[in-house]
Structures are given as structure tokens and as C-alpha cells.
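Read the structure below first, then the notes.
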Amino acid sequence: MKKSEESIPDRVKKGSAPILERLNALDKDQLHAVLATESDGQPYTSMIAYALTPDKKGIVFITPQKTRKYKNILKNNKVSLLIDTRSNTEKDYMSAESLTILGNAKPVRKGGKWSELAGVLILKHPNLNEIIHSPETKLIFVQISRCIHVTRFQTVSEWISR
């Protein structure tokens with residue numbers, strides 16, 4: 001091993017990352033997240049295009065009404081999302097970061113709040129404008145309850161909404 005290379009830690013270390021700042025930075029840099037839902041005790045993951053709300057209290061995304069993830073959310077609104085910076089190289093062990101967001105998801109009905117949240121998503125993903133307005137598409141708001149940030153392989157920081 002070269003002197004400049006760090007060894008991968010074998011223990012979890014408590015971090016002190018500024019979670020909301022990292023959440024905001026990742027929102028600017030990353031277009032997609034992995035959404036985890038659950039049905040009948042079985043986890044299910046999906047790739048989604050997402051946007052962080054300006055107040056940093058929620059995440060918004062869309063899904064067609066007939067998807068498994070939408071049906072799962074209706075059955076159990078507890079979800080998690082993973083946003084990360086991996087590049088799929090060995091450097092990721094020490095340089096990539098991930099943020100797990102835990103929260104409650106709910107469909108947003110058309111109206112003022114829907115228009116506001118749809119606008120947040122369109123601002124980040126203008127190419128989704130047409131599908132956002134499709135009658136088959138549901139807009140989902142995830143109220144963030146907790147964030148877990150991991151970097152340097154096992155340095156973990158946590159933020160809990162109050």
C-alpha cells in the first residue's frame with residue numbers, strides 16, 4: 001500500500017457531518033435516489049428522480065399510480081431513500097458518501113400544495129414536466145424524520161427532525 005492511501009476502517013466511527021448542509025449539497029449534485037418501500041414484510045427498491053423542498057423538511061418525487069412502489073406506500077407510508085456519490089471504483093470506500101433519509105410518504109392531492117411541490121420537482125427536473133401533469137402520475141411528499149450520513153466507509157453522523 002502506498003503511504004498516501006488510507007486503509008479501510010473496520011469499525012464504525014461517530015461522525016460530525018453537518019447533515020442538512022450535506023443533504024442540500026447532494027440535492028444539487030444528484031438527480032436520483034433509491035426509494036425503499038415495504039409490503040407484507042418484503043422490502044422493495046426503486047430508482048426515483050427527486051427534489052428536496054426549500055425548507056429541507058421533505059423530499060418530493062413522482063410515480064405512476066399503477067406502480068408497486070405507489071401501492072406499497074398506500075399500505076405502509078414508512079419509507080427510506082438513499083442518495084449517494086459512488087462512482088463504482090475502489091476509491092469509493094474512502095471518498096464516497098451516502099445519505100439515508102427515513103420518513104413518511106404520502107400522495108399529494110391536486111391543489112395549492114400540489115402546485116408548489118410540483119414546481120420544486122420541475123425546477124430540478126424540467127424534462128419531467130409533462131409526466132408530472134399526467135393524470136396517471138401521483139406526486140409523493142416524504143416528510144423527513146431522520147437522516148443518516150456515512151462517509152469514509154464507516155464514519156456515521158445522524159440528524160433527527162424535531
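Quick note: the coordinates plus some simple rules give every number you see, no bench work behind them. Because the structure is a prediction, the values reported are computed rather than measured. A quick note on method: Cβ atoms are made from the backbone with ideal geometry, for glycine too, and the neighbour counts reach across all protein chains shown.
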Fill in: Positive minus negative residues near S115 (Lys, Arg vs Asp, Glu; Cβ under 15 Å)
+3
Discussion item. Over 18 Å between Cα atoms: which of K28/K78; K57/K78; K78/K110 fall into that group?
Written reply: K28/K78; K78/K110
Discussion item. Defining a contact as two alpha carbons under 8 Å apart and six or more residues distant in sequence, what relative contact order in percent does region 35-130 show?
Written reply: 27
